[in-house]
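Heads up: the structure comes next, in structure tokens.
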Amino acid sequence: MRALPLVTVDECPLCGCRTLTPLPVPRRTIGGPFVDLVGLGLRRCRDCGFELVSPRPTDATLTAFYQGKDYTAHEQVDDAAAARRARGQLEVVERAGGRLRDAAVLDVGCGGGQLLALLRDRGATPCGVDPAAHAQRSCRGQGFEVVADLAAVAGRRFDGVVMSHVLEHVP
């Protein structure tokens with residue numbers, strides 16, 4: 001068992017309620033340094049029902065994890081499951097009337113670049129955001145623009161933004 005720095009959330013980030021009821025801790029975590037982490041907890045807001053991790057790793061601990069080699073959610077561009085998911089995402093956009101040709105599209109959490117590749121194939125100008133250095137190297141190796149955080153593209157305009165499998169990683 002390992003002790004990493006934890007932070008406790010005392011109020012619901014959605015409604016501000018200060019009554020957070022403890023829930024059973026899941027048997028599985030995201031892996032890496034968090035596998036045997038002592039002290040993690042889950043809470044549910046009494047007023048709105050929102051569930052959150054508290055205590056949880058500090059922002060600095062999470063940032064180091066997502067930038068490190070232990071985080072392995074960044075498959076190479078030829079990963080079949082990720083490519084299927086990316087095709088499905090673009091089909092939803094196109095069925096809803098979204099235009100991809102000549103569109104500037106930001107992929108937040110771009111991983112190995114599967115969606116970036118399909119966007120480029122359909123005539124879009126893709127840009128990726130991912131904190132993991134190995135994801136950035138993979139995407140840049142395929143000729144994609146990729147940055148480490150949203151601050152790097154804060155002044156730019158995009159016709160569309162994709163965030164898939166991202167929110168569960170945000171404290």
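Derivation of every value follows stated rules applied to the coordinates shown; laboratory data play no part. Values in this document were obtained by computation on a predicted structure and should not be read as measured data. Backbone-built Cβ (ideal geometry, glycine too); neighbour counts: all protein chains shown.
A few comments on the model shown:
- Label positions at ASP102 and THR63, each projected 7 Å from the Cα along the C-beta direction, are separated by 4.0 nm.
- Protection proxy ranking of 143-150, 90-97, by the mean of other Cβ atoms within 10 Å over each peptide's residues and highest first, is 143-150, 90-97.
- Taking amide H as placed 1.01 Å from N in the peptide plane, the amide H of VAL162 sits under 5 Å from that of LEU106, ASP107, VAL108, each at least 5 places away or on another chain.
- Between VAL25 and ARG46, the contour length at 0.36 nm per residue exceeds the Cα-Cα span by 5.8 nm.
- Modelled spin labels at GLU145 and ARG84, positioned 7 Å past Cα toward Cβ, are 3.3 nm from each other.
- Distance between the pseudo-spin-label points of VAL170 and GLU11 (7 Å out from Cα toward the beta carbon): 2.0 nm.
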